[in-house]
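Worksheet for the structure shown next.
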Amino acid sequence: MSRIAVVPGSFDPVTLGHIDVIARAADLYDELHVVVVHNPGKTALLPLDVRVDLITQAIANAGLPSNIVVASWGEGLLVDYCSQVGARVVIKGIRNQADVTYETPMALVNRNLAGIETMFMLPEPGHAYVSSSLVRQVAALKGDVRPYVPHVVADYLNRSA
Ligand code: PNS
């Protein structure tokens with residue numbers, strides 16, 4: 001039986017911290033689905049298809065393994081995506097205590113809904129302070145986002161600024 005895991009998120013946009021967690025997770029599972037999920041609690045800056053495209057390019061540019069599938073999941077429950085692809089594990093990056101507080105209820109709901117377990121993974125400490133929301137803020141104020149995001153994302157944000 002192949003081990004399949006899902007790394008879900010808004011990825012608005014994908015950061016170097018996300019890519020770091022994706023690389024680590026891809027090493028542990030036979031198949032890893034990176035899924036851009038609509039978060040009903042957030043208003044996104046980038047369209048869903050653009051976020052998928054940027055992640056796909058960033059993964060290719062980083063030379064990550066070919067067991068990674070990039071997909072999107074519009075309005076439904078994350079656990080339904082997991083069932084569809086046969087994944088029993090969700091992986092989320094944890095940077096600090098605030099992330100644990102934010103992620104824990106979602107992990108418990110996903111387990112109650114469908115028995116999906118969540119694994120928390122630590123990124124490289126150098127990425128621990130990077131967040132998509134800070135990147136959006138820096139980009140909106142015309143700052144340099146290159147230290148925090150893959151090149152394709154920095155180029156996209158510069159073009160659309
Ligand atoms: O990167 P984010 O915004 O913190 O990711 C949160 C996300 C999108 C994974 C979460 O909001 C989600 O799973 N949304 C899909 C709807 C759902 O399944 N909700 C119930 C469990 S939280």
Response to the item:
With label points set 7 Å from each Cα along the Cα-to-Cβ direction at L77 and Q137, the distance between them in nm comes to 3.4 nm
Worksheet entry | Compactness of the range 46-104 - radius of gyration and Dmax, Cα, Å | 13.8, 33
Worksheet item: Quick one: with all protein chains in place, what share of the accessible area of the chain is carbon or sulfur, to the nearest percent (1.4 Å probe)?
Response: 55 percent
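Pairs of alpha-carbon atoms within less than 8 angstrom and 6+ residues apart define the contacts here; what relative contact order does the range 33-161 have, in percent?
On the way: 109 pairs, mean separation 30.0, N = 129.
Once normalised by length, the contact order is 23 percent.
Just the number please: accessible area per residue for the range 14-96, 1.4 Å probe, all protein chains included, in Å². Can you show the working numbers first?
Numbers: 3970 Å² over 83 residues.
Dividing the accessible area of the range 14-96 by its residue count gives 48 Å².
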Worksheet item: What fraction, in whole percent, of alpha-carbon pairs in the range 2-161 exceed 29 Å separation?
Response: 12 percent
Worksheet entry | Linear extension gain, N39 paired with R88, 0.36 nm per residue minus alpha-carbon span | 15.6 nm
Discussion item. Using amide H atoms built in the peptide plane, which far-off residues or other-chain residues are under 5 Å from I91 H to H?
Written reply: V6, V7, M119
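Mind giving me the FRET efficiency for D155 and S2? R0 is 30 Å, r the Cβ-Cβ distance, nearest 0.05 is fine.
On the way: r = 35 Å, r/R0 = 1.17.
The formula returns an efficiency of 0.30 here.
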Discussion item. Using helices alone, I'd like the mean residue ellipticity at 222 nm for the chain: each DSSP H run of four-plus residues gives -39500 (n - 2.57), total over residue count, nearest 500.
Written reply: -14000 deg cm²/dmol
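The values are calculated or read from the model by the stated rules, or taken from the named source; none is laboratory data. Model, not experiment: these values are computed from the prediction. When we count neighbours, we look across all protein chains shown, and the Cβ atoms used for this are built from the backbone with ideal geometry, even at glycine. The protein model used for the area step is the full one, side chains on, heavy atoms only, and it has no ligands, DNA or RNA in it. Shrake-Rupley method; radii C 1.70, N 1.55, O 1.52, S 1.80 Å.
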